[in-house]
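Each remark here refers to the structure printed beneath this line.
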Amino acid sequence: MPESVYLNGEWLAPEAAKVSVFDRGFLFADGIYEVVPVYQGQPFLLEHHLARLERSLAALAIESAGQQFWLELIDDLLARNQSDNALVYIQVTRGAEAKRSHLPQGPLAPTIFASVSAMPVHWDVPAPAQATLLEDIRWLRCDIKSISLLGNIMLKQQAQACGALEPILHRDGLITEGASSNYFAVKNGELYTAPTDHLILPGITRMWVIELARELGIPVHEQAFAVTDLAQLDELFLTSSSREVQPIGQIDDIIIGQGGCGKVTEQLVHAFHASKRQLSAQ
Ligand code: PMP
């Protein structure tokens with residue numbers, strides 16, 4: 001539990017932070033969020049997370065509080081909670097209005113909430129996990145980091161019920177992403193990941209892994225992998241701010257490669273750890 005959370009201009013004990021039942025976030029999931037990892041007290045790839053926050057707000061036509069505001073908010077949040085390794089959570093909804101109406105009736109003041117939670121930081125190669133293949137039932141604007149996560153939650157519940165860490169989603173025969181992660185498929189030493197269109201969230205970790213792969217001379221194709229080719233994969237891994245680079249050893253009955261962590265994945269895990277160390281030391 002954080003000591004102090006931010007809500008609409010106030011710093012409060014978490015249990016004291018309350019929002020109106022008329023908040024459009026509560027009534028309509030009319031809002032967006034952002035999650036920023038923090039290593040050794042330093043937000044990681046912050047400018048990319050803030051750029052995505054701005055894009056999400058713009059997509060919903062919610063006015064942003066501005067770059068300086070977000071920077072100070074995160075600084076304050078980390079100082080008040082003495083967070084070394086953490087995940088910062090920021091949520092913005094369109095605001096509250098007493099009449100429930102799909103279209104807001106007047107100009108509203110957005111509800112801004114920010115909190116932080118401890119994140120165990122690891123430096124090893126994570127054990128390969130199991131995933132399950134499920135049809136992507138979500139809406140067609142997955143590029144917006146919307147707080148409406150019903151599809152993602154239902155898919156995660158289904159994955160959990162069959163003992164998988166994460167569902168890997170497919171639409172029209174192509175792999176889109178995980179329910180809270182992006183994916184990279186490795187075939188003949190080259191990486192394949194879905195392009196950043198409306199069908200996936202443009203993950204910041206995804207972007208960073210592409211950067212690291214290019215530095216290592218590993219070819220990257222932003223081209224979705226076909227479900228029918230899954231059995232031929234050499235390696236597969238997921239990326240997200242909280243999981244970083246997570247090897248997948250098995251999807252349902254399909255063993256990926258040898259079922260362990262492949263060489264390319266391992267190389268990228270180490271490169272990722274090194275960049276965490278380097279960027280947070282600056
Ligand atoms: N896709 C979805 C649907 C997600 O929810 C997330 C993480 N929130 C990601 C991808 C990964 O994004 P990031 O690397 O920015 O954490």
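The values are calculated or read from the model by the stated rules, or taken from the named source; none is laboratory data. None of these values were measured; they are calculated from a predicted model. Quick reminder, even Gly has a Cβ in these numbers, built from the backbone with ideal geometry, and neighbours come from all protein chains shown. Ligands, DNA and RNA are excluded from the accessible area calculation, which covers all protein heavy atoms including side chains. Shrake-Rupley method; radii C 1.70, N 1.55, O 1.52, S 1.80 Å.
Within region 91-105, track down each residue that is within 20 Å of S56 (Cβ to Cβ), open to solvent by less than 100 Å² (accessible area, probe 1.4 Å) and assigned to a loop (DSSP other than H, G, I, E, B).
Of everything in region 91-105, those that are within 20 Å of S56 (Cβ to Cβ), open to solvent by less than 100 Å² (accessible area, probe 1.4 Å) and assigned to a loop (DSSP other than H, G, I, E, B) turn out to be R94, G95, P104.
Scanning region 225-246 for residues that are more than 14 Å from the ligand (Cβ to nearest atom) and not in a helix (DSSP H, G or I), which turns out farthest from A271 (Cα to Cα)?
If we filter region 225-246 for residues that are more than 14 Å from the ligand (Cβ to nearest atom), which is where we start, we get 225-236.
Then keep just the ones that are not in a helix (DSSP H, G or I); that gives 225-226, 233-236.
Working: F225: 24, A226: 27, L233: 22, D234: 20, E235: 17, L236: 17 Å.
Restricting to residues being more than 14 Å from the ligand (Cβ to nearest atom) and not in a helix (DSSP H, G or I), the top hit is A226.
List every residue pair whose Cβ atoms sit under 7 Å apart, with the two residues 6 or more apart in sequence or on different chains, where the first one lies in region 12-28 and is touching a residue at least 12 places away in the same chain (Cβ under 8 Å) and surrounded by fewer than 16 Cβ atoms within 10 Å (Cβ to Cβ) and the second, anywhere, is in a loop (DSSP other than H, G, I, E, B) and among the small types (G, A, S).
Within 7 Å, the pairs are F22/A98.
In region 233-275, which residues are at pLDDT below 95 and either closer than 15 Å to A213 by Cα or open to solvent by 60 Å² or more (accessible area, probe 1.4 Å) (or both)?
Q258
Search region 190-210 for residues being in contact with a Pro (Cβ under 8 Å, 6 or more places away or on another chain) and under 17 Å from K263 (Cα atoms), and hand back the single one that is nearest to the ligand (Cβ to nearest atom).
Step by step, filter region 190-210, then rank; the result is L191.
If I go through region 169-189 residue by residue, how many of them are more than 11 Å from the ligand (Cβ to nearest atom), open to solvent by less than 30 Å² (accessible area, probe 1.4 Å) and closer than 23 Å to I153 by Cβ?
Final tally of qualifying residues: 1.
Table: residues versus (1) small (G, A, S); (2) under 22 Å from E54 (Cβ atoms); (3) in contact with a helix residue (DSSP H, G or I) (Cβ under 6 Å, 6 or more places away or on another chain); (4) at pLDDT 95 or above.
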{"position": "D76", "(1), (2), (3), (4)": "no, yes, no, yes"}
{"position": "D84", "(1), (2), (3), (4)": "no, no, no, no"}
{"position": "S101", "(1), (2), (3), (4)": "yes, no, no, yes"}
{"position": "A109", "(1), (2), (3), (4)": "yes, yes, no, yes"}
{"position": "S115", "(1), (2), (3), (4)": "yes, yes, no, yes"}
{"position": "L134", "(1), (2), (3), (4)": "no, no, yes, yes"}
{"position": "L140", "(1), (2), (3), (4)": "no, yes, no, yes"}
{"position": "L149", "(1), (2), (3), (4)": "no, yes, no, yes"}
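Can you find even one residue in region 211-222 that is closer than 20 Å to V35 by Cα, under 23 Å from the mean Cα position of the chain (by Cα) and away from the ligand (no atom under 16 Å from the Cβ)?
Scanning region 211-222 turns up no residue that is closer than 20 Å to V35 by Cα, under 23 Å from the mean Cα position of the chain (by Cα) and away from the ligand (no atom under 16 Å from the Cβ).
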